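Have a look at the structure below, then the notes.
The values are calculated or read from the model by the stated rules, or taken from the named source; none is laboratory data. Given the structure is predicted, the values throughout are model-derived calculations rather than measurements. Because the Cβ atoms are built from the backbone with ideal geometry, glycine has one as well, and the counts that use them run over all protein chains shown. Note: accessible area is taken over every heavy atom of the protein model, side chains too, but ligands, DNA and RNA are not part of it. Shrake-Rupley method; radii C 1.70, N 1.55, O 1.52, S 1.80 Å.
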Amino acid sequence: MKYNLNKICTLFLFFVFVPCMFASGKKDKEFKVVAKSGAAVAPFAYLCENNPKLGKNIQFYFSVCNEYEEVLSALIQGDAPIGVLPVEAAAKVFAQVSTSIVALGVCGNGDLYVASKNSALTSLSHLKGKTVAGVSQGTAADYAVRYLLKKAGVPVGENDDSVHLDYSVAPADMTAALQKGTVQYAIMQEPYMTVAEIKGNDISRSIDFQKEYASFEDGASFPVFLLVANANFMVENKDLVQAFVNAYKKATDWTNAKPAQAAALVQKHNLGMIAPVVVRSIPYASYVWVDAKSAASDIERVLKICLDANADSIGGKLPDETFYYVF
């Protein structure tokens, strides 16, 4: 989950005042939602297959982007009113201009695992003195990993009592590195973790970071992805967005309940993943729907970890209550 937050926010400052509206001159109004490939996309396959009823002459359209910069560009230039962003990226954009976007809710919780061939690895403390291929540097996931390692008594560092995080291996290359033995331990997200299990029969999920997080944070969930909306669009389209959110919640529930059918639809609609990977990934991918008001404390908990690790990662401050949209 790598992206350039500074580039994202610079882009935002140039286009923030462009209103988001429906295209004119068309019989049907296009309601477009954008997300990066692999980032909480599976539930959208259901919506692509079963066009949600959003209102008279309103046509749902879902677009998969290659980079988060493309997602934000679509949001701020008026091409799409709704998109999926990492929690820290959404907070940083909001910090730049508080009238920019609003968080509608959490659409993806943490999906982080330690992958290894070592069956004896069962706790974070076992990583003491080890070199571990790290998740994308400078993201909420990265800061959460560092936070949890410190909580477990094995902080990131260079001495024998710490964990050394190596960011030189790209997520897409971790499976091959584990197979070759050039990497012994790797922190992987979905769907990369599932790909590793499929390609390397002896590679397993040794540690579940979500369980570790919950154990240290009083059972709290670990929000990673937010469904966000162009704030200007929300002013006059509350009912439309509410209808979409209702449809998305239904799609998420269906996806989690029927992974095989969902996987087939993801591949059918070319959402960036193949069915054999998706069907095995869904149980671990943490697709959820929690509205922003209900999730605010969990979101803020994660953002506080980012703030303490690197204040600039979320724009220097926690978002205020206007970030959390209430229907």
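Figures for the structure shown
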read-out	value
Listed pairs LYS53/LYS258; LYS211/LYS317; LYS92/LYS128; LYS151/LYS317; LYS180/LYS268 exceeding 25 Å between Cα atoms	LYS211/LYS317; LYS92/LYS128; LYS180/LYS268
Distance from the range 298-327 to the range 150-171 (C-alpha centre basis), Å	25
Magnitude of the charge dipole, the range 216-318, Cβ model with Lys/Arg +1 and Asp/Glu -1, debye to 20	420
Selected from VAL71, VAL97, VAL145 as most flexible by GNM, with the chain as the system and alpha-carbon contacts under 10 Å	VAL97
Contact order relative to length of the range 144-287, as percent, for alpha carbon pairs under 8 angstrom and 6 or more apart	17
Along principal axes, Cα extents of the range 132-278, largest first, whole Å	57, 33, 26
Gaussian network model of the chain, Cα within-10 Å springs - most flexible of GLY38, GLY157, GLY110	GLY157
Relative contact order (%) - the chain, alpha-carbon pairs under 8 angstrom, separation at least six	28
Euclidean distance of C-alpha centroids, the range 216-276 and the range 105-123, integer Å	21
Charge dipole (the range 29-163, unit charges on Cβ, about Cα centre) - positive-most of SER162, VAL135, LEU54	LEU54
Farthest positive-ward along the chain dipole, Cα basis, beta-carbon charges - from ALA263, SER281, ALA144	ALA263
Nearby aspartates and glutamates by direct alpha-carbon distance to LYS199 (threshold 15 angstrom, same-chain neighbours under 8 apart not counted)	ASP173, GLU190
The chain: proportion of alpha-carbon pairs further apart than 32 angstrom, %	27
Area of LYS317 that stays accessible when all protein chains are in place (1.4 Å probe, Å², to 10)	120
ILE274 - accessible surface, heavy atoms, 1.4 Å probe, Å² rounded to 10	100
Selected from ASN310, ASN201, ASN232 as most flexible by GNM, with the chain as the system and alpha-carbon contacts under 10 Å	ASN201
LYS304 accessible area, 1.4 Å probe, all protein chains in place, Å² to nearest 10	90
Inter-label distance, nm, simple model (7 Å from Cα along the C-beta direction), GLU158/ALA120	2.8
Accessible-area order (highest first, 1.4 angstrom probe) of the listed residues ASP239, ASP79, ASP166	ASP239, ASP79, ASP166
Ordering of 181-189, 47-55 by burial proxy (mean other Cβ atoms within 10 Å per residue, highest first)	181-189, 47-55
Mean Cβ neighbour count within 10 Å, used as a protection proxy, ranking 209-221, 123-135 highest first	123-135, 209-221
Relative contact order computed over the range 216-302 (Cα-Cα under 8 Å; 6+ residues apart), in percent	33
